[in-house]
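A.B. asks: Below: one structure in structure tokens.
The values are calculated or read from the model by the stated rules, or taken from the named source; none is laboratory data. These numbers come from a predicted model, not from an experiment. FYI the Cβ positions are ideal-geometry reconstructions off the backbone, even for glycines, and counts take in every protein chain you see.
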Amino acid sequence: MTTPMNPGMGRGRGGQTPGLPTPPTGWVVGSYPTYAQAQAAVDHLADEEFPVHEVTIVGVDLMQVERVTGRLTWPKVLVGGLATGAWLGLFVGLLLGIFTQPMWGVVLTGVVAGSVFGVVSTSLSYAATRGKRDFASTSQLVAGRYDVLCEPSSAEKVRDELARFGMS
């Protein structure tokens with residue numbers, strides 16, 4: 001049996017269902033080239049006891065940036081797989097070793113099995129690329145600028161405060 005839901009119940013700001021992506025609301029009170037600057041502006045507002053619960057930081061002009069960290073070679077892949085697998089095996093071995101005696105035997109087995117698993121899995125993964133991706137990298141989502149928005153009721157006061165301290 002289902003019960004009727006109260007139409008106002010379970011809704012977030014503006015009648016939106018919580019958890020679903022919704023566009024931000026408010027007026028732009030400041031625009032910054034870095035997230036750190038936008039965060040500093042909001043922190044300043046918090047220090048000055050402004051209603052920061054009405055403020056939103058919005059990244060505009062999003063882009064995915066992939067920074068190349070180095071060249072991949074078979075030795076680097078094998079050593080990386082060995083190290084990762086050994087750490088995983090050590091962790092599992094220590095967890096299982098708590099409940100068994102002698103503990104060192106289980107830990108050693110975990111490290112050896114983890115090392116073999118790490119080398120095999122990274123080797124297969126690297127071999128599958130067939131030389132088309134011989135580099136390591138990290139990816140990050142960044143914005144071209146960061147706008148600080150504020151609800152209209154406080155926007156003018158917030159904009160004036162940021163301008164007064166050169167943060168707009």
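A.B. asks: Which of the residues belonging to the stretch 142-152 are surrounded by fewer than 18 Cβ atoms within 10 Å (Cβ to Cβ) and within 7 Å of L62 (Cα to Cα)?
C.D. replies: Those that are surrounded by fewer than 18 Cβ atoms within 10 Å (Cβ to Cβ) and within 7 Å of L62 (Cα to Cα): V142, G144.
A.B. asks: Of T138, T84, which residue is surrounded by 14 or more Cβ atoms within 10 Å (Cβ to Cβ), among the polar types (S, T, N, Q) and either without any contact (Cβ under 8 Å) to a residue 12 or more places away in the chain or farther than 30 Å from G26 by Cα (or both)?
C.D. replies: From the options T138, T84, the qualifying one is T84.
A.B. asks: (1) part of a helix (DSSP H, G or I); (2) assigned by TED's automatic domain parsing to the domain that holds Q37; (3) surrounded by fewer than 17 Cβ atoms within 10 Å (Cβ to Cβ): which one isn't true of V158, the others all being true?
C.D. replies: In the conditions (1) part of a helix (DSSP H, G or I); (2) assigned by TED's automatic domain parsing to the domain that holds Q37; (3) surrounded by fewer than 17 Cβ atoms within 10 Å (Cβ to Cβ), V158 misses (3) alone.
A.B. asks: Moving on. The conditions are (1) over 30 Å from F165 (Cα atoms); (2) surrounded by 14 or more Cβ atoms within 10 Å (Cβ to Cβ); (3) modelled with pLDDT of 95 or more, and M103 fails exactly one of them. Which is it?
C.D. replies: (3)
A.B. asks: Name the one entry in R133, R145 that is at pLDDT below 95 and basic (K, R).
C.D. replies: Matching residue, one of R133, R145: R133.
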